[in-house]
1. Cβ under 13 Å from Leu129's Cβ, Leu129 left aside: what net charge do those residues give with Lys, Arg +1 and Asp, Glu -1?
2. Tell me the angle of helix 146-177 to the major Cα principal axis of the chain, expressed in degrees between 0 and 90 and rounded to the nearest ten.
3. Between rounded, prolate and oblate, where does the range 91-171 land on the alpha carbon gyration tensor, with a ≥ b ≥ c its root eigenvalues, rounded for a/c under 1.5, else prolate if a/b exceeds b/c?
4. State which entries of Lys236/Lys290; Lys245/Lys271; Lys261/Lys364 exceed 21 angstrom in Cα-Cα distance in the structure shown.
5. Taking H as built 1.01 Å from N, whose amide H comes closer than 5 Å to the amide H of Thr255, not counting residues under 5 places away?
6. Could you compute the net charge surrounding Leu208? Neighbours are other residues with a C-beta less than 12 Å from the C-beta of Leu208; K and R count +1, D and E count -1.
7. Going by average Cβ neighbours within 10 Å, how do the peptides 183-192, 223-232 rank, with the highest at the top?
8. For the chain, what does the helix formula give at 222 nm: sum of -39500 (n - 2.57) over DSSP H segments with n ≥ 4, over the residue count, nearest 500 deg cm²/dmol?
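Every number here is computed from the coordinates shown, using simple stated rules; none is lab data. The structure presented is a predicted model; accordingly, all values stated were derived computationally and were not measured. Here Cβ is always computed from backbone atoms with ideal geometry, including for glycine, and neighbour counts include all displayed protein chains.
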Amino acid sequence: MPDYSLALTLLFSAALMLGLLTRFYLASRQIRHVARRRDQVPAAFASTISLASHQKAADYTITKSRFGLLELAFGAAVLLGWTLLGGIAALNQALLSLGLSDYGSLVPQLALLAAFGLISGLLDLPFTLYSTFRIEERFGFNKMTFRLWLADLLKSTLVGVLIGLPIVALVLWIMGSIGAWWWLWAWGAWMVFNLLVLVLYPTVIAPLFNKFQPLEDETLKARVTALMQRCGFAAKGLFVMDGSKRSAHANAYFTGFGASKRVVFYDTLLKQLNPDEVDAVLAHELGHFKHKHIVKRIALMFAMSLAGFALLGWLATQVWFYTGLGVRPNLSGSNDALALLLFLLVMPVFSFFISPLFALLSRKHEFEADAYAIAQTDGKDLQSALLKLYQDNASTLTPDPVFAKFYYSHPPASERLGRMGGSAGAPT
């Protein structure tokens, strides 16, 4: 009989190593490419972007990329520690020794997932703190105090517990109670949960972290309302979010689902763009809805999650799935939490190799939304707005082409503006 356990160990190890090497190779290309072009603004942007802004963007990109290499190496080591080196097995045994099974079959399983989440969160904290209070601070983007950061952490943890634990408990109950087709029912529960979060997020979750005030600028409100009516779009309200209390980065977005949709502008965005440019940015977002990008992405998420639950339904019954990843399944208890945890840890290792396809689809959607915005507003306003956002967010104008094709969900500035018929041409 083939040794599937050893085969999985070798396959997982090879995929993890290949993925890590690929990430390092791409990041190194990005660092070298940006560094070589640091001291000269691309000709297409020379009249609009200063050398100082260009160099800041290059330094910001290089600093984040180098820090990302450290995170990659640490993340790979931690993943190996949890799996092949026995971390999950040791944690599971330690919790089983506490006799938690006396309180029901779900308690030890939830305890395993909660303990894993807590330890993983603690391991990630130093990277989050350094990124926020050193890198973002150094480049003038961080506006958070440590007290606000800590409050956000506590709130997000509480929200995660209140929302996450019930859905995880429901999935685990379905896994242990429904039978061979449990994965179909679990998928259905997961989809309902995601749709519910989309509805509740704008009015229940987001206000826990930011203040949302109705847009008070009557002139801008009239312009935005007229644009939405012209595009056949209805929203429940126009709001300004106090993003400046956390970051100098600017953005605008639609949130919610169905009748709960609302338009949200960062206060930093309204300070940086003039009304014509705000119109153009909003028209771009409307383009996503006009082309049904949001619905298409939700449908794709539904399809992929269905495939994922079906695969998990099969793997959870295979002993080699556990032993091949360094875990001995429980002999006298449920292994549902172990299967779920291992699956969530391992799948990103393999799905990494198809991520460029999703990045490509996202860039295609961005081009379509840009074209829609140009049809509804003046294309020059969208170009000037994007240039301001690239500059204010310190986005490099000279990314490595291979890196951009692999990772970028939005087209590089030169491609995007060039497609609009602006002065920017081919990537530098």
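1. That works out to -4.
2. Value to nearest ten degrees: 50.
3. Prolate shape, in that a/c is at least 1.5 and a/b is the bigger ratio.
4. Lys261/Lys364
5. The answer is Arg262, Val264.
6. Net charge around Leu208: +1.
7. 183-192, 223-232
8. Value at 222 nm, helices only, nearest 500: -22000 deg cm²/dmol.
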